[in-house]
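The structure appears below as structure tokens.
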Amino acid sequence: MPKLYSSKHIIKILAQNGFDFISQKGSHQKFRKQGDPSFITIVPGNKKEIPYGTFRAIIVKAHLQESDFKIK
């Protein structure tokens, strides 16, 4: 079974890769890549484990790799 990450960890990695917080509606937080407004991704906040399918959708929208999220 693949590793499940928390929303806190995902948001931290997005910030390290140049994403800024834009807005929030309910528990969903919106992030945009600095310098390129076409890269927008939404992360459900305050979750201990994000389902793997949701995680994959986040990294595809953010144009990142799963290896970027490995805990070192």
Can you find a residue in the range 8-19 that is of a type outside the set (S, T, N, Q), loosely packed, with under 14 Cβ neighbours inside 10 Å and in contact with a Leu (Cβ under 8 Å, 6 or more places away or on another chain)? no
Extreme residue, surrounded by the most Cβ atoms within 10 Å (Cβ to Cβ), among residues of the range 33-66 that are under 14 Å from L4 (Cα atoms) and of a type in the set (K, R): K47
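Looking at F55, F39, F69, can you tell me which residue is touching a helix residue (DSSP H, G or I) at 6+ places or on another chain (Cβ under 6 Å), aromatic (F, W, Y) and in contact (Cβ under 8 Å) with a residue 12 or more places away in the chain? Talk me through it step by step, then tell me what you get.
Values: F55 fails: touching a helix residue (DSSP H, G or I) at 6+ places or on another chain (Cβ under 6 Å); F39 fails: touching a helix residue (DSSP H, G or I) at 6+ places or on another chain (Cβ under 6 Å).
Result: F69 is the single residue among F55, F39, F69 that is touching a helix residue (DSSP H, G or I) at 6+ places or on another chain (Cβ under 6 Å), aromatic (F, W, Y) and in contact (Cβ under 8 Å) with a residue 12 or more places away in the chain.
Every number here is computed from the coordinates shown, using simple stated rules; none is lab data. Source: prediction; values computed, not measured. Heads up, the Cβs are rebuilt from the backbone with ideal geometry, glycines too, and the neighbour counts pull from every protein chain shown.
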